[in-house]
1. Explain nothing, just compute: Karplus ³J(HN,Hα) = 6.51 cos²θ - 1.76 cosθ + 1.60, θ = phi - 60°, for every residue of region 44-50 in order, whole Hz, x for Gly and Pro.
2. Residue by residue through region 172-177, which ³J(HN,Hα) values in whole Hz follow from phi under the Karplus form 6.51 cos²θ - 1.76 cosθ + 1.60 (θ = phi - 60°), with glycine and proline marked x?
3. Over 19 Å between C-alpha atoms is what I'm after, so list which of K196/K238; K23/K281; K141/K202; K16/K281; K202/K224 land there.
4. Karplus couplings for region 256-266 from phi (6.51 cos²θ - 1.76 cosθ + 1.60, θ = phi - 60°), rounded to Hz, Gly and Pro as x?
5. Which of the peptides 43-55, 165-177 is most tightly packed, and how do the rest follow, judged by the mean count of other Cβ atoms within 10 Å per residue?
6. Quick one: putting +1 on the C-beta of Lys and Arg, -1 on the C-beta of Asp and Glu, what dipole do you get for the chain around its Cα centre, in Debye to the nearest 20?
7. Give me D for region 2-89 in µm² s⁻¹, whole number, from Stokes-Einstein with Rh from the Kirkwood sum over alpha-carbon pairs, 20 °C and 1.002 mPa s.
8. In the chain, if the dipole is taken from +1 on Lys/Arg beta carbons and -1 on Asp/Glu beta carbons about the Cα centre, which of V76, G134, P265 is farthest to the positive end?
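We did not get these values from a lab; they are worked out from the coordinates using the rules stated. The model shown is predicted, which means the values in this text are computed figures rather than measured ones. Here Cβ is always computed from backbone atoms with ideal geometry, including for glycine, and neighbour counts include all displayed protein chains.
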Amino acid sequence: MNLKILSRNPGLYSTKRLVEAAKERGHEVEIIDFLRCILSIASRAPTIRYHKRRLGPTDAVIPRIGASHTFYGTAVVRQFEVMGTYSVNESQAISRSRDKLRCLQLLSRKGIGLPVTGFAHNSKDIEGLLEIAGGAPLVVKLLEGTQGIGVVLCETKNAAESVVEAFRGLDANIVVQEFIKEAKGADLRCFVIGDKVIASMKRQGAPGEFRSNLHRGGSSEKVKLTPDERKTAVQAAKAMGLRVAGVDLLRSARGPVVMEVNSSPGLEGIEASSGIDVAGKIIEYIEKNAKPGKTADRVRV
């Protein structure tokens, strides 16, 4: 098969592992910096030019698109789709998962466990917004934030009001969420491929840090998921229309709750913690499912 990996950095662990896994299975693979792609949008003749050449027939693409380049990145993925190329994650699914509010609304519609979340536009409605999330302590999140950036734990009502006013004063879109105290600064990363969780890890925040992101000093270890946690992770990925996803869960007193659904989950932490060849599993999934013109997006929002 001829595979293309849409990634801006060929030196990233995840990109390198996908290349290795593809070559080990005898596939042709090329890394494409999607921001260097030029799209030719013509009736019945869509093409993509890259480094002054027209890209030839491609069996499948693996999007590795950073949050800051979602608009152009999904446009490139969509162009491949229009050309009949199979995409591991389709453009619409990527867009859904990147819009955090839309993501939460879709998960809510499916009855999937979530932290209670409030969203409002006017800063004059702060008191009602905080009441929805159950009052302090609570978490305030920037909708455009990634990797724990723009996530603030507010331990008092006054602190929450100040943070909300500051963000809204900058015209930033935010949500407020209940603080899941019983999680104790830990979350579960569930790696979903198709309709299965193929690997998982527990991430623990550094001392004094409620965010469990590994690049913020957190640690990770292999973890055994409950059947309910596996079911929740798969349902969350399907609600977005994602075939490959990293679903982040918290263990709450009422069961697993979804914090985020990631369309380009990193492979380094999950492979090291679980000991599973996740990159190889992704390539195997492509081998079984990639067909010209095959699309499966059925999510209507």
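1. 6, 9, x, 9, 10, 9, 9
2. Those phi angles translate into 8, 7, 9, 10, 10, 10 Hz.
3. Working: K196/K238 11 Å; K23/K281 13 Å; K141/K202 22 Å; K16/K281 15 Å; K202/K224 9 Å.
Distance filter (> 19 Å) returns K141/K202.
4. x, 10, 8, 9, 7, 10, 9, 7, 10, x, x
5. Working: 43-55: 11.6, 165-177: 15.9.
Result, highest mean Cβ count within 10 Å first: 165-177, 43-55.
6. Values: 46 positive and 33 negative charges, 196 e Å.
Roughly 940 debye, rounded to the nearest 20.
7. Working: Rh = 13.2 Å.
It diffuses with D of about 162 µm²/s by this estimate.
8. Value computed over the given set: V76.
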